[in-house]
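Here is the structure we will look at.
The values are calculated or read from the model by the stated rules, or taken from the named source; none is laboratory data. Small disclaimer: the values here were computed from a predicted structure and weren't measured. Don't worry about glycine lacking a Cβ; one is built from the backbone with ideal geometry, like all the others, and counts go over all protein chains shown.
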């Protein structure tokens, strides 16, 4: 498939963006659980002690309650211990919580005491919503009519069927009275310990869930569209950038899905232990793929090699941590990963800014695509480490920036496809011009070379009898003419191959007859380059196109002669096995540098040591013809070589074919 047709088909992926509203809203309707509703109090509606508690008054008015906090360093306190301490003078040691609850990575347990009441005209039934879903263990102790406390458990270490409500958030039903009631909340987590609380009515919670799940549906629809565009590009263009983009988008979308609690609700409601593993694997993997995505697009290796190496090392470190997370060790590495993520975000932003003078368009696209979400992620990391409080800017902002980033990722992929299409158009135009020039020169040289060949043969016949010492000179002239004729034949042959004018016509021919044809057409000084031909014991005819296969072998032999300036034997070996005819050409010449082997069979390419050889010319067409001829026979060509030791080329031609 040509690059142009590939690009045309990939562009069709962009049309899928118009379909995303259809399936994203279908996805929103299929979400089985409601989402988190956020409703901040108007400024001044709550004192500083309660600024972290939000109230949704969808069913009436609930005055802000009083929230206090107690640190349980070793986690040994029970509710009975706490209640007993509360009855003593001075209480249990609760202090008012003067801001959002965010403690970073800690093994400490915290108790929260909430005193709340409702107004006479408010609903009795309310829900206390705790966010985020990845907090491990959240327990609410609610007083009943007799004054005893009833425990309700939530958090991602509690199976969904055992929670008070089977939703992705931690939700506790409350019955409020007009008189203040005291509730106790116990919070512990191996992940970052951050918590926001909200009181809302069931009706208000359900209404706000529609909005939250619709947003998740929009994100999922855009993500699937971007993944499809990237995947099609990767399959058809086979470029590293598109493969990395596909993997990054998949990991990023899965991480978003997990952090919002949908994984436990949908995929494994009864296996809560999987949550920590999945969060750790996806978080570390996404960070590493983000680095590879940016490096693959900006290609800063030559300009900023040191920074590129540092980022690459960090990407490998993230992969190592993903393996540890899969083994259940994320709780141990999580704080270190957060510091690493902080470093990665800063370095990526710096790299994008540094690349502006060198690759303005690409760097600008990366900044527009990533800068909002990178800054939001930076705020999240600072919140996870306990440096910044839990609020919209450190929690909710990232959710919105992802909606901008994902569709822009599809745009970046399609723009890269367009760049590749333009590169291919330039290459095709240049190759077409080279092909036309070579073809014209070859046609113009054919007649003069035939005239010169005839004239030299005539002179040789007239003068050799009188002056036999001229024979070496005529030999050198004939060798030069043969070289020129070979170049002309190769140029015309590659023109026919590229123009689609060649059909491989397979006819039975014995390996010995094929060797005889090659030997007859080969011009070689057996004194300097003794030719050793080895034939197989089984000389059964094989079906090949002897004309084109002889041309391939002659090109290999011609190279063996040219690039063995000090002489030496040349081996031409014919072997067979049950499936193929194997032809080998071996010399003891200058060899091929390792860095040249990947491009050795490209059209118009010559290795540096071949170009540097005095008196040896070439167009870089011979090995290209060899590969094309062998491919059209359904075979393969291999090369083994080292500088200064010679080369061995092996052609493997299937003995059956159509």
Conditions (1) within 19 Å of residue 550 (Cα to Cα); (2) surrounded by fewer than 21 Cβ atoms within 10 Å (Cβ to Cβ): number failed by residue 625
(2)
Region 503-529: number of residues that are part of a loop (DSSP other than H, G, I, E, B) and modelled with pLDDT of 90 or more:
1
For residue 270, which of the numbered conditions (1) closer than 30 Å to residue 130 by Cβ; (2) out of contact with any helix residue (DSSP H, G or I) (no Cβ under 6 Å at 6 or more places or on another chain); (3) crowded, with 18+ Cβ neighbours inside 10 Å fails to hold?
(3)
Filter pass, residue 153 being in a loop (DSSP other than H, G, I, E, B) and on the phi < 0 side of the Ramachandran plot
no
Filtered residues of region 183-208 (kept if over 24 Å from residue 158 (Cα atoms) and surrounded by fewer than 21 Cβ atoms within 10 Å (Cβ to Cβ)):
203, 207
Check region 598-619 and report whether any residue there is in contact with a strand residue (DSSP E or B) (Cβ under 9 Å, 6 or more places away or on another chain) and part of a loop (DSSP other than H, G, I, E, B).
yes
From 585, 637, which residue is part of a strand (DSSP E or B) and closer than 23 Å to residue 525 by Cα?
585
Cβ pairs under 6 Å, 6+ apart, first in region 533-554 and more than 12 Å from residue 653 (Cα to Cα), second part of a loop (DSSP other than H, G, I, E, B):
539/510; 541/510
Does at least one position in region 300-307 carry a residue that is under 20 Å from the mean Cα position of the chain (by Cα) and modelled with pLDDT of 90 or more?
yes
Listed residues 389, 372; which is touching a helix residue (DSSP H, G or I) at 6+ places or on another chain (Cβ under 8 Å), at pLDDT 85 or above and either surrounded by 15 or more Cβ atoms within 10 Å (Cβ to Cβ) or not in a helix (DSSP H, G or I) (or both)?
372
Please work out if residue 215 is at positive phi and under 30 Å from the mean Cα position of the chain (by Cα).
no
Among the residues of region 127-144, is there at least one that is surrounded by fewer than 17 Cβ atoms within 10 Å (Cβ to Cβ), out of contact with any helix residue (DSSP H, G or I) (no Cβ under 7 Å at 6 or more places or on another chain) and at pLDDT 90 or above?
yes
Among the residues of region 594-617, write down those that are farther than 21 Å from residue 551 by Cβ, surrounded by fewer than 19 Cβ atoms within 10 Å (Cβ to Cβ) and more than 31 Å from the chain's Cα centre (by Cα).
608, 609, 611, 612, 613, 614, 615
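Just to check your reading of the model, which residue among 644, 635 is at pLDDT 85 or above and either assigned by TED's automatic domain parsing to the domain that holds residue 573 or closer than 15 Å to residue 552 by Cβ (or both)?
635
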Mind listing just one residue for me: the one in region 53-82 that is more than 50 Å from the chain's Cα centre (by Cα) and exposed (fewer than 14 other Cβ atoms within 10 Å of the Cβ) and, of those, modelled with the lowest pLDDT?
61
